[in-house]
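See below for the structure under consideration.
Since every read-out is calculated from the coordinates, none of them should be taken as a lab result. The model shown is predicted, which means the values in this text are computed figures rather than measured ones. Every residue, glycine as well, gets a Cβ built from its backbone with ideal geometry; the counts of neighbours run over all protein chains shown.
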Amino acid sequence: MRQPGMYSGMLSGISGKTGPHSLPLARIKKIMKKSGDDVKMISGEAPIVFSKACELFIEELTRQSWAMTMQGRRRTLHKDDVASAVAATDIFDFLVNLVSEPPNADEDAPGGTNNIEH
Amino acid sequence: MVPLSPTESSLPPANAPLPIDNNDRKTTERPGGGHGSGGGGGSGVREQDRYMPIANVIRIMRRILPTHAKISDDAKETIQECVSEYISFITGEANDRCQQEQRKTITAEDVLWAMGKLGFDDYVEPLTIFLSRYREIEGDRAGHSLRSEAFYLNRRGNASNTGGMDYYYGPPLLPPPPPTLGMLPPYAPPHHQAMGYVDPSAAAAMGTYYGVGSSTGSGSSSANSPSQANLAGFDPFAPFKN
């Protein structure tokens, strides 16, 4: 499923913190701290691991979502595709609520399920 | 874009019909505006603190997608939210482990462990490699290529004293601060061998430090042979060449 060399370039940006385009470490740390009241201290290396992990995560989620887009013979990746990808992939189970419930009930789908259309 | 900017703070009053308002809406359009209000839980937390920058997320998505692919705005926002959820999910598990073991600091190893436990086994190996490369390079930057382990132990000790929140990004190729030298193990690695792996220009830049090191202990070269072997295949200065 994964293309060869998927991780081959992953260390290229390591010079200079973790690279010019990597995700911001301070932001990662804030999100980590926010994930629980009892999160006390965070090693400086933990956000660095996350900066790369999030890249892998985004890539994988995008890849699965795009597969859904392709199944629907479309060219635009929609939120529904992300929702379908989450539903179809075990390790994304923790995202099910996030992608299936509309964040604003008054906005797009009062019924609560807005992820099937087209 | 910055919530505290004058334009934005003057937004709630009566300027609503102005075009400026629309522009501001667009920049804050996403979870912050869209569901910061609905989510409510983010009270007081700025949107920019809760999500990865959208540009970075899109850039990473584009690596995967074919060039003709389009991404709808709601898909971008959803992925953005998913990333934060992912961080929280993993961190929560890592934090549980820390609490069970009565530790206060979430380490990189805790994070990796949590990923393995929560089904992201595939990430563990590449991330472990990533982390060890990072450590080696960071160690080299401080001139400690052959003592990275002891060096990191020392760092850890310092880290806990200072609250453990520092990143320790030293400027590249800077000799280590003098206090660290005092904490080195009694033996010193054979620095003249180390030079074999070092780019000549870099070696020149670090000459000061290595001069000190070799004078303190050119004696035991056998003590460090394992670390020598580990380094044999890895050029720590590759990123700095050319």
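List, in the order given, every pair from A:Lys34/B:Lys117; A:Lys30/B:Lys76; B:Lys70/B:Lys117; A:Lys34/B:Lys70; A:Lys34/B:Lys104 whose Cα-Cα distance in the structure shown is over 27 Å. Don't jump to the answer; show the numbers that get you there.
On the way: A:Lys34/B:Lys117 21 Å; A:Lys30/B:Lys76 21 Å; B:Lys70/B:Lys117 34 Å; A:Lys34/B:Lys70 32 Å; A:Lys34/B:Lys104 15 Å.
Pairs exceeding the cut-off: B:Lys70/B:Lys117; A:Lys34/B:Lys70.
Listed by Cβ neighbour count within 10 Å, with the fewest neighbours leading, A:Leu61, B:Leu65 appear as B:Leu65, A:Leu61. Near A:Phe94, once Lys and Arg are set to +1 and Asp and Glu to -1 for all other residues with Cβ below 11 Å from its Cβ, the sum equals -4. Residues B:Glu125, B:Glu138, B:Glu77, A:Glu59, ranked from the fewest to the most other C-beta atoms within 10 Å, line up as B:Glu125, A:Glu59, B:Glu77, B:Glu138.
For a footprinting-style exposure proxy, rank B:Tyr123, B:Tyr134 by other Cβ within 10 Å, fewest first.
Values: B:Tyr123 23, B:Tyr134 19.
Ranked by crowding around the Cβ, least crowded first: B:Tyr134, B:Tyr123.
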